[in-house]
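Asker: This structure is in structure tokens; I'll ask about it shortly.
Taken together, the values in this text are just the output of simple stated rules run on the coordinates, not laboratory data. Please read all numbers here as calculations on a predicted model, not as lab measurements. Every residue, glycine among them, receives a Cβ derived from its backbone with ideal geometry; neighbour counts consider all protein chains shown.
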Amino acid sequence: MANLKIDKSDKIYVAGHNGMVGSALVRGLQKRGYSNLLLRTRKELDLLNQGSVFSFLQKENPRYIFLAAAKVGGINANNTFRGQFIYENLAIETNIIHGAYLAGIKELNFLGSSCIYPRDCEQPMKEEYLLTGPLEPTNEPYAISKIAGIKMCESYNRQYSTHYVSSMPTNLYGPNDNYDLNTSHVLPALISKAHQAKVQEDKQLVVWGSGKPMREFLYVDDAADALIHMMENNLAEGIFNIGTGEEVTIRELAEIVMAVVGFKGEIVFDTNKPDGTPRKLLSVEKLKKLGWQAQTKLKEGIEKSYQDYLENHEN
Ligand code: GDP
């Protein structure tokens, strides 16, 4: 347990507040009355620059840090920009986590991803399965960087008595998602493709891979809610999965997206594209025992996301 309860006026730094998770965190914190959020755009603070990050944290000395800044993307981005994914994530993590320690900041929540678990992991994946087998090759550099972050938090807690926790969200989607088809995750990609197909009156929707892999999807405001729940309950160490505990095949996902968008063509599979890991369903028992559960059903979340796409991302 961390020492003191967080006060609504305590300074909370959201690293990566313009990203999908960071912006959901800002919405969630503001909704709950947290009034002292510390936010910096990429232009104002380069998280890859160690000196800038160290002096920023020293000067601002936030009470709590959400480390939601990361280089992220879908299967193609992870597989293509392998060097950038491992370097940028390691740099951001070491700069912020070590900088927090140097500045005497005791509480931090580090965000990772469900791809840290082994490719052929027993399902649903419990936190304790970390490092029990080889990783999925398409996102191994990203996963290694996130495992390093977890181990950094764990090691600093042990050596320096910090309270750095790690959160592993499943595939997230929602407002501020990335709809660039070359770098996006599957859910925003399918929303964009199904919408374009509808507008252009196409007959087909092209889905990558075999359609057989299974994935779990969590609406990003639910993920933010879990992260704030963790802070408010003073969780001080360990790994916590954040998910719904439910999964669908990529084919089923495409069918739901088509129904929401109102595109009636047929699905064709491009098997020249990789499937990635066959399944990655999180065990969400640990956070459930601590009183948190996802609220948004998949179809409802996709409806909200499609609305956001139409309002903010169609072009
Ligand atoms: P992953 O969860 O790390 O594998 O990342 P993605 O969300 O990018 O992909 C999940 C699954 O959806 C993979 O099996 C992809 O091949 C499949 N998929 C189907 N169509 C698409 C698409 O248009 N874009 C992406 N990114 N993935 C797709």
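Asker: Restricting to Cα pairs below 8 Å that are 6+ residues apart, what does the relative contact order work out to for the stretch 196-315? Please round to a whole percent.
Answerer: 42 percent
Asker: While we're here: Please list the equivalent ellipsoid semi-axes of the stretch 91-217, computed as the square roots of five times the alpha-carbon gyration tensor eigenvalues, in descending order and whole angstrom.
Answerer: On the way: eigenvalues 249, 66, 24 Å².
Listed largest to smallest, the semi-axes of the stretch 91-217 are 35, 18, 11 Å.
Asker: Next up: Under a Cβ-Cβ cut-off of 15 Å, what is the net charge of the residues other than Gln58 that fall near it, where Lys and Arg count +1 and Asp and Glu count -1?
Answerer: Details: positive: Lys11, Arg40, Lys59, Arg63, Lys106; negative: Glu60.
Every neighbour counted, the sum reads +4.
Asker: Where the only charges are on Cβ atoms (+1 Lys, Arg; -1 Asp, Glu), what is the dipole of the chain about its Cα centre, to the nearest 20 debye?
Answerer: So the dipole magnitude of the chain works out to roughly 520 debye.
Asker: Pairing the Cα long axis of helix 82-102 with the longest principal axis of the chain, what angle in degrees results, from 0 to 90 and rounded to the nearest 10?
Answerer: Its long axis makes an angle of about 30 degrees.
Asker: With n ≥ 4 as the cut-off for DSSP H runs, can you work out [θ] at 222 nm for the chain, using -39500 (n - 2.57) per run divided by the number of residues, rounded to the nearest 500?
Answerer: Working: 10 runs with 126 residues, N = 315.
So the calculated ellipticity at 222 nm is -12500 deg cm²/dmol.
Asker: Non-local amide H neighbours of Leu282 (under 5 Å, H modeled in plane, Pro and chain starts lacking H): which ones?
Answerer: Met125, Gly245
Asker: Against the longest alpha carbon principal axis of the chain, how many degrees, from 0 to 90 and to the nearest 10, is the axis of helix 250-261 turned?
Answerer: In the chain, helix 250-261 runs at an angle near 80 degrees to the longest axis.
Asker: What dipole magnitude, in Debye to the nearest 20, does the stretch 263-315 give about its Cα centre under +1 on Lys/Arg Cβ and -1 on Asp/Glu Cβ?
Answerer: With Lys and Arg at +1 and Asp and Glu at -1, about 500 debye.
Asker: Less than 10 Å Cβ to Cβ from Ala189, Lys/Arg counted +1 and Asp/Glu -1: what total charge do the surrounding residues give?
Answerer: Working: positive: Lys193; negative: Asp177, Asp180.
Here the charged neighbours net out to -1.
Asker: Once Lys and Arg get +1 and Asp and Glu get -1 on their Cβ, which of Gly19, Asn76, Leu57 lies farthest toward the positive end of the dipole of the stretch 1-91?
Answerer: Projecting each Cα onto the dipole axis, the largest value belongs to Gly19.
Asker: How many nm separate the modelled label positions at Lys151 and Lys273, each set 7 Å beyond the Cα in the direction of the Cβ?
Answerer: Simple spin-label model gives 3.3 nm for this pair.
Asker: Which one, Thr41, Ile6, Leu29, is farthest towards the positive end of the dipole of the stretch 1-49 when Lys and Arg carry +1 and Asp and Glu -1 on their Cβ?
Answerer: The Cα lying farthest towards the positive end belongs to Leu29.
Asker: Compare the Cα positions of Asn178, Ala259, Asn157 along the charge dipole of the chain (+1 at Cβ of Lys, Arg; -1 at Cβ of Asp, Glu; about the Cα centre) and return the one farthest towards the positive end.
Answerer: My answer, from the dipole projection, is Asn157.
Asker: Could you work out the mean projected area of the convex hull around the alpha carbons of the stretch 1-88, in square nanometres to one decimal?
Answerer: Projected area, direction-averaged: 7.2 nm².
Asker: Among residues other than Gly104 whose Cβ falls under 13 Å from its Cβ, what is the net charge (Lys/Arg +1, Asp/Glu -1)?
Answerer: Net charge in that neighbourhood comes out at +1.
Asker: Just want to confirm a number: the relative contact order over the chain, from Cα pairs under 8 angstrom separated by 6+ residues, in percent.
Answerer: Relative CO of the chain lands at 21 percent.
Asker: Here's another thing I want to ask about it. Just to compare against my own numbers: the Cα pair-distance distribution for the chain, 20 Å bins, whole % per bin, please.
Answerer: 33, 58, 9, 0
Asker: Quote the relative contact order of the stretch 61-177 in percent (integer), defining contacts as alpha-carbon pairs under 8 Å separated by 6+ residues.
Answerer: Taking the mean separation of contacting Cα pairs over the length of the stretch 61-177, I get 33 percent.
Asker: Among the lysines, select those whose C-alpha is under 24 Å from the C-alpha of Lys106, and discard any that sit fewer than 8 residues away in the same chain.
Answerer: Result set, ordered by chain and number: Lys5, Lys8, Lys11, Lys59, Lys146, Lys151, Lys286.
Asker: Treating only the Cβ atoms of Lys and Arg (+1) and Asp and Glu (-1) as charged, compute the dipole magnitude of the stretch 198-293 about its Cα centre; round to the nearest 20 debye.
Answerer: Charge dipole, the stretch 198-293, about its Cα centre: 280 debye, nearest 20.
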